[in-house]
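Heads up: the structure comes next, in structure tokens.
Just so you know, all these numbers are worked out from the coordinates, no wet-lab data involved. Given the structure is predicted, the values throughout are model-derived calculations rather than measurements. All Cβ positions, glycine included, derive from the backbone under ideal geometry; neighbour counts span all protein chains shown.
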Amino acid sequence: MIQLDVIDKKLLHFLQLDSKQTNKELSGKLNLSVTAVYERIKKLEREGIISKYVTLIDKKSVDRSFVTFCSIKLLQHTKDYVVQFEKEVKQLDEVLECYHISGDYDYLLKVIVADMDEFREFMVKKLTSISHIGSTHSAFMISEVKHTTAISV
């Protein structure tokens, strides 16, 4: 892992705020040449610190503002069950995030759909059809207090 200097950290901060900024804009903010900014970005990409660039979409504007957190417990914790569950859950478009966790449940999923009817359809026809699920527990978002994709470095 490479050591990030102060300029790298500032650069990452600016890119996380708006990755469409030009190298010229960034050079002005960082007091570097355009070439130096370009080289630093390429280095961060090569090292895997910058893994990709994405577009964040407003959930409401695409009718996907019903957010649910589903806790999943597998029937058993065998390698086959874990591998199969993870393979199948990755195929579900409604699942934005899936974490293998410790505690009472094995997995935590962040599911995003239009409304309760669509969530029920997702549960009945998709999620519960995955092999080896022993039980599920769902919690529905009331309001979004904080949502960020930026990592403080």
Which is farthest toward the positive dipole end of the chain among 153, 36, 143, measuring Cα position about the Cα centre, with Cβ charges +1 (Lys, Arg) and -1 (Asp, Glu)?
-> 36
May I ask for the angle, rounded to the nearest 10°, between helix 116-125 and the longest principal axis of the chain, with both axes built from Cα atoms and the value confined to 0 to 90°?
-> 70 degrees
What Rg and what Dmax come out for the stretch 1-77 when only alpha-carbon atoms are used, in angstroms?
-> 18.3, 57
Please give the helix 79-89 orientation as an angle from the longest Cα principal axis of the chain, in degrees from 0 to 90, rounded to the nearest 10.
-> 70 degrees
Structure-derived Cα extents along the principal axes in Å: which label, when the choices are (1) 72, 35, 32; (2) 57, 37, 23; (3) 54, 45, 27 = (2)
With charges only on Cβ, +1 for K and R and -1 for D and E, what is the dipole size of the stretch 1-138 about its Cα centre, in debye, rounded to 20?
-> 500 debye
Qualifying GluC sites (Glu not before Pro) for the stretch 105-153 [loop in DSSP, other Cβ within 10 Å: at most 13] | 144
How large, in Å, is the stretch 114-153 by the Kirkwood hydrodynamic radius built from its alpha-carbon pairs?
-> 13.1 Å
